[in-house]
1. Which number in (1) closer than 27 Å to Leu300 by Cβ; (2) surrounded by fewer than 20 Cβ atoms within 10 Å (Cβ to Cβ); (3) touching a Lys or Arg at 6+ places or on another chain (Cβ under 9 Å) marks the one condition that Asp140 misses?
2. In this structure, is Tyr216 more than 17 Å from Val272 (Cβ to Cβ), aromatic (Phe, Trp, Tyr) and at pLDDT 95 or above?
3. Taking the criterion of being without any contact (Cβ under 8 Å) to a residue 60 or more places away in the chain, in a loop (DSSP other than H, G, I, E, B), over 14 Å from the mean Cα position of the chain (by Cα) and more than 19 Å from Thr197 (Cβ to Cβ), would at least one residue in the range 286-296 satisfy it?
4. Can you tell me which residue in the range 185-195 is surrounded by the fewest Cβ atoms within 10 Å (Cβ to Cβ), limited to those that are under 22 Å from Phe147 (Cα atoms) and of a type in the set (A, V, I, L, M, F, W, C)?
5. Hey, can you tell me all the residues within the range 187-229 that are in contact with a helix residue (DSSP H, G or I) (Cβ under 9 Å, 6 or more places away or on another chain) and among the hydroxyl-bearing types (Ser, Thr, Tyr)?
6. How many residues are closer than 15 Å to Leu152 by Cα and not in a loop (DSSP other than H, G, I, E, B) if we restrict to the range 220-254?
7. Which members of the range 149-181 meet the condition of being under 15 Å from Arg105 (Cα atoms) and out of contact with any strand residue (DSSP E or B) (no Cβ under 8 Å at 6 or more places or on another chain)?
8. Exactly one condition in (1) part of a loop (DSSP other than H, G, I, E, B); (2) modelled with pLDDT under 95 is not met by Ser5; state its number.
Amino acid sequence: MTEPSESAALDAAVEAVHRAGVPGLFAEVRDGDQVWRGAAGVADIATGRPVTAGMRHRVGSITKTFTAAAVLQQVESGQVGLDAPISRYLPRLVPGERGDAVTVRMLLNHTSGLAEYLPYVYPSLKAFPALAETRPQSLDDHRFTRFDSLELIETGVTAPAVGAPGGTPGVYSNTNYLLLGRLLEQVTGMTAEQYITRHVIERAGLRDTGLPDGPYVDGPHSRLYEVWFGMIDPPRDYSVYDMSWVGPAASLISTVADLNRFYGMLLAGEIVSPSSLAQMQRTVPVISQEGRTIDYGLGLHPMEGPGQGTFWGHGGTVWGGGTLAMAGADGRRQLAVAVNLQRWNRLDASGRPQPHPVDDALATLHRVALHG
């Protein structure tokens, strides 16, 4: 970065996350034209193969920003009304009065009231977020399952509603983003994956980013180790996994460099128009899958911190992997970080995740990366 001391602090912060218990992680920090990249630890516990900053990685719900940007492009072209009812486009998928009440905006910001389908697809996770009652067995059961998004959507739509359409706080639900994928297909004549690839990924010039068609990650990548709150011991590798269970909600593969490029361009008004970006940055309170209340826009959420103002981006998790990408409101200062371990916290007697040194180490890395 601009100062050798800052680069040394970032090197130390990444190494500290590794020492706290993450097998491997890698990151890129940008400050204007200055770029720092770093990595610590291993991509494969068995062989000791090291992680590198250029590896491809499953980035989970960061996918939602790409899908939201694609939908906003269609709003700009007049093909989609942001506050139009979803019944105008997908009457069979969200039928009746609910389809008339749920708008495209409500899908984008998770205020539709539609339930998450995930606990119904993964029965042993059905108690989530009552984590002490969950079991990781169905992760293995579905490693190669090819899901039909229409069936997943039906599961979420027919499950008991988690709120009234437009009510706040909203409740985070992947059902919303599978519906947005179907909306893109309806109005563009392409699959969501094809449209996002051509008009978001290629528009941003991202060379190592894509939506997978199958269970494998192409190119150099890390194994992904899941411990499921200490219930999987030793950690199990889920880097080979069919991601059709989340599709346009969370299946993207990318690199930290591509993510920083994407968010920098998005916040500069180069992926969607400045007026569309302003809509994406209008937030409402939403209850996350971890049970926390967060501010959430249209596929974006803010992160506040000292000194540097508001950062915008998204986080994402998959089985065994996690990613966070954030950029300053002016797109200048950016962080993208990827880790190859998930759910490292053990549970206390009441089933709540206990503090873990990894949490503190990651918080320090975020602070150093974003605020210097």
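1. Unmet for Asp140, out of (1) closer than 27 Å to Leu300 by Cβ; (2) surrounded by fewer than 20 Cβ atoms within 10 Å (Cβ to Cβ); (3) touching a Lys or Arg at 6+ places or on another chain (Cβ under 9 Å): (1).
2. Details: more than 17 Å from Val272 (Cβ to Cβ): yes; aromatic (Phe, Trp, Tyr): yes; at pLDDT 95 or above: yes.
So Tyr216 fits the description; yes.
3. yes
4. The residue in question is Met190.
5. Thr188, Thr191, Tyr195, Thr209
6. So the first thing to find is which residues in the range 220-254 are closer than 15 Å to Leu152 by Cα, and the list is 242-251.
Next, from what is left, pick out any that are not in a loop (DSSP other than H, G, I, E, B): 243-245, 247-249.
The total comes to 6.
7. Hits for the range 149-181 are Ala164, Gly167, Ser173, Asn174, Thr175, Asn176, Tyr177, Leu178, Leu179, Leu180, Gly181.
8. (1)
The values are calculated or read from the model by the stated rules, or taken from the named source; none is laboratory data. What you see is a predicted model; the values in this text were computed from it and never measured. All Cβ positions, glycine included, derive from the backbone under ideal geometry; neighbour counts span all protein chains shown.
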